[in-house]
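These notes concern the structure reproduced below.
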Protein chains: 2
Amino acid sequence: MPAVTQSLPRRLAEMPVLADRLRRHARKFTGARQAILAVLRHDSRPMSNKEIFARLPGGLCDLATIYRSLHLLEEVGMVKRFDLGDGVARFALLREDDDGHRHHLVCTRCAEVVEIEECCTPEVEKRISERSGFKAVTHRLEFFGICPTCQ
Amino acid sequence: MPAVTQSLPRRLAEMPVLADRLRRHARKFTGARQAILAVLRHDSRPMSNKEIFARLPGGLCDLATIYRSLHLLEEVGMVKRFDLGDGVARFALLREDDDGHRHHLVCTRCAEVVEIEECCTPEVEKRISERSGFKAVTHRLEFFGICPTCQ
DNA sequence: GGCAGCGATGCAAATCGTTTGCATTTGGCC
DNA sequence: GGCCAAATGCAAACGATTTGCATCGCTGCC
């Protein structure tokens, strides 16, 4: 792995931390994964495999590698998968202490994604669990609407 | 259209109503659609195209026809599409006065689906709309867990 | 009741996101 | 420096869904 020098932009400064998180799981910090993680930390908006692929320096790696890497990163808890209802998986970087539970507001015209701070359902989960007998109840909640630009 | 006789099971008695709803939209009440609607009214659990196909009397119609029919039925508001997060669309019949807004509890092991009566978000939608500037805000909320049988 | 016309259907091929088999390369550790 | 599991590229496979096209069958109309 190339040493991360002082001269790199600040946003790359945390790369060694990410490398460690990978190595802790006996996984390699390869060029492809470096690049993918760099793209993901560039902005926190959930991104699809193709979007990530498109932002990678030309042909740095195969699309299949991105799919495989994101699976792995999801497994070790470094990214979270979001399903915004259009049949495409999206991923966002997860801080180490982050359970990734959050919701989004998606524009049904332009697909802009805004993160929402509210989550009204923790106690509802408990009630549902009690009434239904289901265990380990979680939920997925996403909002849809038309953003100011598209109105 | 073959006349619906008295001797048919009670659950078919409403078929003429469904036929009317279709015709009101200048759509035909074909054999395939009759069969699909019959399957859907048999139980209210959201069903995938393939599940519906499998329940149809052998080879009554093509799978493509089911896809096309469900699109149509969705358009005219006779069925509602559900996305339970496994990449397969499911559909359930909608009563005429029903906006179809409901949520489900899905077993992540066996895919059993239970309908949930709660919806905690109407006022949250309003708040989100006000803060974000988005219009026509709706939401999708599904719960996941492990059902008693699978535990 | 019969007919024209548009909507519906069957079939096969195309699409799209995603996964996988396999041969080859490479990062990490001694 | 060298080993070995892990990672990658490439192409083919996959599953859900869609579509082009020729044919068929409801429906409204006479």
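The values are calculated or read from the model by the stated rules, or taken from the named source; none is laboratory data. Source: prediction; values computed, not measured. Note that each Cβ is placed from the backbone with ideal geometry, even for glycine, and that neighbours are counted across all protein chains shown. Just so you know, the surface numbers come from the protein's heavy atoms only, side chains and all, with ligands and any DNA or RNA stripped out. Shrake-Rupley method; radii C 1.70, N 1.55, O 1.52, S 1.80 Å.
Side notes on the structure shown:
- Positive-end ranking of B:His139, A:Ser69, A:Ser129 along the dipole of the protein assembly as shown, with charges on Cβ about the Cα centre, is headed by A:Ser69.
- Cα Rg, Dmax, the protein assembly as shown, angstrom units: 23.5, 85
- Inter-chain shielding of A:77-89 (mean C-beta neighbours from other protein chains, 10 Å cut-off): 1
- When the C-alpha to C-alpha distance is required to be over 27 Å, the pairs from B:Lys80/B:Lys126; A:Lys50/B:Lys50; A:Lys50/A:Lys80; A:Lys50/B:Lys126; A:Lys50/A:Lys135; A:Lys28/A:Lys50 that qualify are A:Lys50/B:Lys50; A:Lys50/B:Lys126; A:Lys50/A:Lys135.
- Relative contact order %, region B:80-127, counting alpha carbon pairs below 8 Å whose residues are six or more apart: 23
- About its Cα centre, the dipole of region B:101-151 is roughly 260 debye, where the only charges are +1 on Lys and Arg Cβ and -1 on Asp and Glu Cβ.
- Mean ellipticity per residue at 222 nm, deg cm²/dmol - from DSSP H runs of n ≥ 4 across chain B, formula -39500 (n - 2.57): -10000 deg cm²/dmol
- Shielding by partners, peptide A:108-119 (average Cβ within 10 angstrom, other chains): 2
- Residue (of B:Pro148, B:Leu105, B:Val79) at the positive-pole extreme of chain B, dipole from beta-carbon charges: B:Val79
- Counting only other chain Cβ atoms within 10 Å of each residue's Cβ, the peptide A:124-130 averages 4.
- The magnitude of the dipole of region B:23-75, with charges of +1 and -1 set on the Cβ of Lys/Arg and Asp/Glu and taken from the Cα centre, is near 240 debye.
- Stokes-Einstein D in µm²/s, Kirkwood radius over Cα pairs - chain A at 37 °C with 0.692 mPa s viscosity: 189
- Placing +1 on the Cβ of every Lys and Arg and -1 on the Cβ of every Asp and Glu, with nothing else charged, gives chain B a dipole about its Cα centre of roughly 520 debye.
- Heavy-atom accessible surface of chain A, averaged per residue, reaches 56 Å², computed with a 1.4 Å probe.
- Averaging Cα coordinates gives a centre for region A:20-68 and one for region B:65-93; these two points are 35 Å apart.
- Heavy-atom accessible surface that B and A bury in contact, both chains counted, 1.4 Å, Å² to 100: 2900
- Each peptide in A:90-97, A:126-133 was scored by the mean count of other Cβ atoms within 10 Å over its residues; highest first, the order is A:90-97, A:126-133.
- Over region A:1-97, relative contact order from alpha-carbon pairs under 8 Å, at least 6 apart, %: 24
- Once the Kirkwood radius over Cα pairs is known for region A:91-147, the Stokes-Einstein relation at 25 °C and 0.890 mPa s delivers a diffusion coefficient of 184 µm²/s.
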